[in-house]
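Each remark here refers to the structure printed beneath this line.
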Amino acid sequence: MKPAILVTRKLPDAVEARLRRDYDARLNPGDILYSGDEIIERAKDVDAILPCHTEKFSAEVIARLPGRVRAIANFSVGYDHVDLQAAKARGIIVTNTPEVLSDATAELTLMLMLGAARRAGEGERLVRTGAWKDWSPGFMVGTQVTGKRLGILGFGRVGQVVARRARGFDMEIHYHDLRRMAPEREEGATYHPTPEELMPHCDFLTLHCVSSPETFRLLNAGRIALLPDGAIVVNASRGAVVDDDALIAALKSGKLTAAGLDVYQNEPDIHPEYRRLPNVFLMPHIGSATKETREAMGFRALDNLDAIFSGREPRDRVV
């Protein structure tokens, strides 16, 4: 008998085809966002759950999952939506999908940098609404990216790819991580032992941190104050690493020229001030949204399930 898998969202066709071939797949063709109660109800006769970051596996939800559930194989690199201690206490294996998102997320980061710096959101609205009337030397003047200093907060897989791509703009790379990388990974980047030491070297600052208690509101008012006047902030990691009120205040005051954001707290009910600010380039959490990456994420999650149900250790186990 094939293991039964609850799939909480509509996945790419190729991924669902493999699911149907190898498992008793309980799919979600309507792509309905399940509540915690609905997940528990639908999981009553399954062996594993394949969710996305949109489903919240709190301690209360995990405590109510049927005993038959052996694994939560996330279709995401982040796993802050799962209470890992509760899963561990229940003996539930939790996996994620690292590595396969790096290129797509780095591409999106560069788009956010360019969009924020060159006022892409404002320009697009001018053209669409017919408000663009003429040209002048002072019209839509933005910030040049080429040759500027890029600070990277979190120099893991995505941060390193961002650095590599940014060198194509002759950017000077600075970074902070919990530890200094080997020279071959740094590729000439300058290491700073603390976030505070990194901040003064950032004409642009990009955030590539996991969401955890340690990184909650990592970019706060104190650290923003250490950035050069006119700096630009980009976040394509998790919304919780930014203090929204502090970032919004800095954007309003002119301390920061602009921001490019793909992630937010309480998505999609984001802080309303972001929508009102013209100097914020906004995207709807699409860092991994390429056909190639979404298929790779699904296959990676299935590789982890294949390992679990064949008695092997899954490659991407986090608990």
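Inside region 8-18, residues that are touching a helix residue (DSSP H, G or I) at 6+ places or on another chain (Cβ under 7 Å), aliphatic (A, V, I, L, M) and not in a loop (DSSP other than H, G, I, E, B) make up a count of 2.
For region 99-181, the helices (runs of 4 or more DSSP H) that sit wholly inside it and include 2 or more residues that are hydrophobic (A, V, I, L, M, F, W, C) and either in the same structural domain as MET297 (by TED's automatic domain parsing) or closer than 27 Å to ARG217 by Cα (or both) are 102-117, 157-166. Restricting region 182-206 to residues that are charged (D, E, K, R) and not in a loop (DSSP other than H, G, I, E, B), the residue that is farthest from ALA236 (Cα to Cα) is GLU184.
Taking region 284-298 as the range and being over 9 Å from LEU101 (Cβ atoms) and surrounded by fewer than 22 Cβ atoms within 10 Å (Cβ to Cβ) as the test, the residues that pass are PRO284, HIS285, ILE286, ALA289, THR290, LYS291, GLU292, ARG294, GLU295. Take the conditions (1) over 23 Å from the mean Cα position of the chain (by Cα); (2) over 26 Å from ILE286 (Cα atoms); GLN144 misses just one of them, which is (2).
I'd like the full set of residues that are surrounded by fewer than 18 Cβ atoms within 10 Å (Cβ to Cβ) and either more than 25 Å from ARG157 (Cβ to Cβ) or aliphatic (A, V, I, L, M) (or both), limited to region 91-111. Of everything in region 91-111, just one residue is surrounded by fewer than 18 Cβ atoms within 10 Å (Cβ to Cβ) and either more than 25 Å from ARG157 (Cβ to Cβ) or aliphatic (A, V, I, L, M) (or both), namely GLY91.
Every condition in (1) under 16 Å from LEU305 (Cα atoms); (2) assigned by TED's automatic domain parsing to the domain that holds ALA258 is met by ARG68 except one, and the failing one is (2).
Residue-by-condition table, conditions (1) among the aliphatic types (A, V, I, L, M); (2) surrounded by 22 or more Cβ atoms within 10 Å (Cβ to Cβ); (3) closer than 23 Å to ARG125 by Cα; (4) out of contact with any Lys or Arg (no Cβ under 7 Å at 6 or more places or on another chain):
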residue: ARG223; (1), (2), (3), (4): no, no, no, yes
residue: LEU226; (1), (2), (3), (4): yes, no, no, yes
residue: ASP243; (1), (2), (3), (4): no, no, no, no
residue: ILE248; (1), (2), (3), (4): yes, no, yes, yes
residue: TYR264; (1), (2), (3), (4): no, no, yes, yes
residue: PHE281; (1), (2), (3), (4): no, yes, yes, yes
residue: ARG300; (1), (2), (3), (4): no, yes, no, yes
residue: ALA307; (1), (2), (3), (4): yes, no, no, no
residue: GLU313; (1), (2), (3), (4): no, no, no, yes
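If you go through region 53-68 and keep only what is within 26 Å of the chain's Cα centre (by Cα) and surrounded by fewer than 18 Cβ atoms within 10 Å (Cβ to Cβ), you end up with THR54, LYS56, SER58, ALA59, GLU60. Within region 55-90, if we keep just the residues that are touching a His at 6+ places or on another chain (Cβ under 7 Å) and in a loop (DSSP other than H, G, I, E, B), the residue that is modelled with the lowest pLDDT turns out to be GLY78. What about GLY159, is it surrounded by fewer than 21 Cβ atoms within 10 Å (Cβ to Cβ) and touching a Phe, Trp or Tyr at 6+ places or on another chain (Cβ under 7 Å)? Taking the combined requirement at face value, the residue does not satisfy it.
When restricted to residues that are free of Cβ contacts under 8 Å to residues at least 24 places away in the same chain and either among the aromatic types (Phe, Trp, Tyr) or more than 22 Å from GLY230 (Cα to Cα) (or both), region 192-209 contains 1.
The values are calculated or read from the model by the stated rules, or taken from the named source; none is laboratory data. For clarity, every value in this text was computed on a predicted model and none was experimentally measured. All Cβ positions, even for glycine, are placed from backbone atoms using ideal geometry, and neighbour counts span all protein chains on display.
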